[in-house]
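Here is the structure we will look at, set down as structure tokens.
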Amino acid sequence: MTWNATIVGTGLGVPSKVVTNKDFEKMVDTSDEWIRTRTGICERRFIDRDKGETLETIALQAGKKALENAKTKPEDIDLIIFATTSPDTFMPNMSCRMTASLGLVNAAAIDQNAACSGFVLGMHTADSFIRSGQYKNIMVIGGEALSSALDMKDRSTCVLFGDGAGAAIVQAVENADLSKDSVILGSKFYAKADVKESLSMAGGGTRTPYWHEDFAKVGPYIRMQGQDVFKEATRGMVRAAKEVMAQCEVMPSDIKWFVPHQANLRIIEMVGKMLEIPSEKTYINLDRWGNTSAATVITCLAEMEEKNMINKGDLVLMDVFGGGFSYGALLARW
């Protein structure tokens, strides 16, 4: 007996506050044109704290929709994996919080922090657990509330990120035919130490807690050296995607949808070109969401399902890069 994993439903959690590039013109020395031409971002969404929104509330939206779309009962979920780098609290962690809010009374719970690579790492982990026979029904959530980690005086980072959440239900399939059945076909995941901390959130951890004398200098904010990250992201995403396609004996022309991490339009275009995947096969929501880190790929997939853009049998290639550095790719037949 062999087990494989299949994606049976997705859901989207959408914060209510829309922040445009024009809004940022009032906050920092930047312009709508500068942001659009260098990143591809036009607007992003932030949780609205005045309305009581948190990461948990938008993740709850996503999880409920995913369960509904998958026609799965909360009590049938035996594991939840929550990918985030911006939890509401570090303890209790987000996955344990979600077992209560979603009614996952029989689920084990894991948080994973691989920054922008988080959702694909979660899927990689879920696939491995299902192949082992350990779990049969897994919810994977990618969610971020990065608006709480932005220095609104740092124009190099504050315009880039947004909040959002998405969820996928992954179920076990017995003795699947890998040549035609709807399953996860393969995945690769890697790490390369960011020794220069080109992408970091240094303040607030145990190295520099809030009471430390250096806390005011580093702050609890995202800091980034854009050129370093651009080079590593392009290199890592191309490597991971090529290796997954080779592992699964799939050619670029076989791919129906390429769903890359939504960090920067230039990165997306360069990676697609190097993989020989045309732009019309690439799904992008960066212009409307910004970089939602661990949520980028799953918000794309959930939007695509809502729009009936993905059909049964479509080959979908997911490709990500995040802080750490971490990077990976996953290939699934829908």
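Before moving on, here are some points about what is shown:
- Residues that are open to solvent by less than 80 Å² (accessible area, probe 1.4 Å), part of a helix (DSSP H, G or I) and in contact with a helix residue (DSSP H, G or I) (Cβ under 6 Å, 6 or more places away or on another chain), drawn from the stretch 273-285: LEU275
- Of the residues making up the stretch 191-227, just one is closer than 28 Å to GLY328 by Cα, part of a helix (DSSP H, G or I) and open to solvent by less than 50 Å² (accessible area, probe 1.4 Å), namely GLY226.
- Within the stretch 73-83, the set of residues being within 21 Å of ALA302 (Cβ to Cβ) and open to solvent by 10 Å² or more (accessible area, probe 1.4 Å) comprises LYS73, PRO74, ASP76.
- Yes/no for ASN264 being under 21 Å from LEU121 (Cβ atoms) and open to solvent by 20 Å² or more (accessible area, probe 1.4 Å): yes
- Residues of the stretch 289-334 satisfying the condition of being without any contact (Cβ under 8 Å) to a residue 60 or more places away in the chain and either assigned to a strand (DSSP E or B) or of a type in the set (A, V, I, L, M) (or both): MET304, MET309, ILE310
- Selection within the stretch 244-272 - assigned to a helix (DSSP H, G or I) and either β-branched (Val, Ile, Thr) or in the same structural domain as ASN21 (by TED's automatic domain parsing) (or both): VAL244, ILE267, ILE268, VAL271
- Among the candidates ALA108, ALA115, ALA168, ALA126, residue that is open to solvent by 10 Å² or more (accessible area, probe 1.4 Å) and over 27 Å from MET27 (Cβ atoms): ALA108
- Which numbered condition MET91 misses (of (1) within 24 Å of SER200 (Cβ to Cβ); (2) touching a Leu at 6+ places or on another chain (Cβ under 9 Å)): (2)
- Count of the stretch 99-154 residues which are in contact (Cβ under 8 Å) with a residue 40 or more places away in the chain, among the small types (Gly, Ala, Ser) and assigned to a loop (DSSP other than H, G, I, E, B): 2
- Taken together, the criteria exclude ALA70 from residues that are closer than 25 Å to ILE284 by Cβ, assigned by TED's automatic domain parsing to the domain that holds ASN21, of a type in the set (A, V, I, L, M) and open to solvent by 10 Å² or more (accessible area, probe 1.4 Å).
The values are calculated or read from the model by the stated rules, or taken from the named source; none is laboratory data. Everything numeric here is computed off the predicted structure, so don't read it as measured data. Please note: Cβ atoms are built from the backbone with ideal geometry, for glycine as well, and neighbour counts cover all protein chains shown. What goes into the accessible areas is simple: the full protein's heavy atoms, side chains included, and nothing from ligands, DNA or RNA. Shrake-Rupley method; radii C 1.70, N 1.55, O 1.52, S 1.80 Å.
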